[in-house]
1. How would 101, 31 line up from fewest to most surrounding beta-carbon atoms within 10 angstrom?
2. What nm value, rounded to one decimal, do you get for the distance between residue 98 and residue 36 when each label is placed 7 Å out toward the C-beta?
3. If I model a spin label at residue 57 and residue 87 as a point 7 Å from the Cα along the Cα→Cβ vector, what separation in nanometres do I get?
4. Angle check, please: helix 31-43 long axis (alpha carbons) against the longest principal axis of the chain (alpha carbons), in degrees 0 to 90, nearest 10.
5. Between residue 29 and residue 111, what is the spin-label point distance in nm, taking each point 7 Å from the Cα along the Cα→C-beta axis?
6. Can you say what percent of the DSSP beta bridges in region 7-113, counting only those with both residues inside, are antiparallel? Round to 5.
7. Quickly estimate the mean residue ellipticity at 222 nm for the chain, helices only: each DSSP H run with n ≥ 4 gives -39500 (n - 2.57), and the total goes over all residues, rounded to 500.
């Protein structure tokens, strides 16, 4: 199987809110890209980080582990993590692993940003 490189691009969506646009595959090999994006968002003063999975091609257990690692870092920094763009399959995985209890999953970027901005 050909692995698609992970891209994780950060953009400020509102004061204190950054979106990390994740594209490609999220596996254990994605750690450098995801950590760099998280660090960038934190350096910009993000109190809420929205993970966009709209460009996600594939995610395995190693990728889930990285999301958990980012979540732990965010909780230690008193940041909230939200997500949108998850397919039904990955939504189900987030529910089965109970990640959905820690990461607020939304149907659209607009929903996620509305909630994230209200938390500020």
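Where a number appears in this text, it was derived from the coordinates with a stated rule and is not lab data. Since the model is a prediction, treat every value here as computed from it, not as a measurement. Using ideal geometry, Cβ is built from the backbone for each residue, glycine included, and neighbour counts are taken over all protein chains shown.
1. 101, 31
2. About 3.4 nm, to one decimal.
3. Reported label-point gap for residue 57 and residue 87 is 1.3 nm.
4. 0 degrees
5. In this crude spin-label approximation the distance works out to 3.3 nm.
6. The antiparallel proportion sits near 30 percent.
7. Here the helix-only value at 222 nm equals -12500 deg cm²/dmol.
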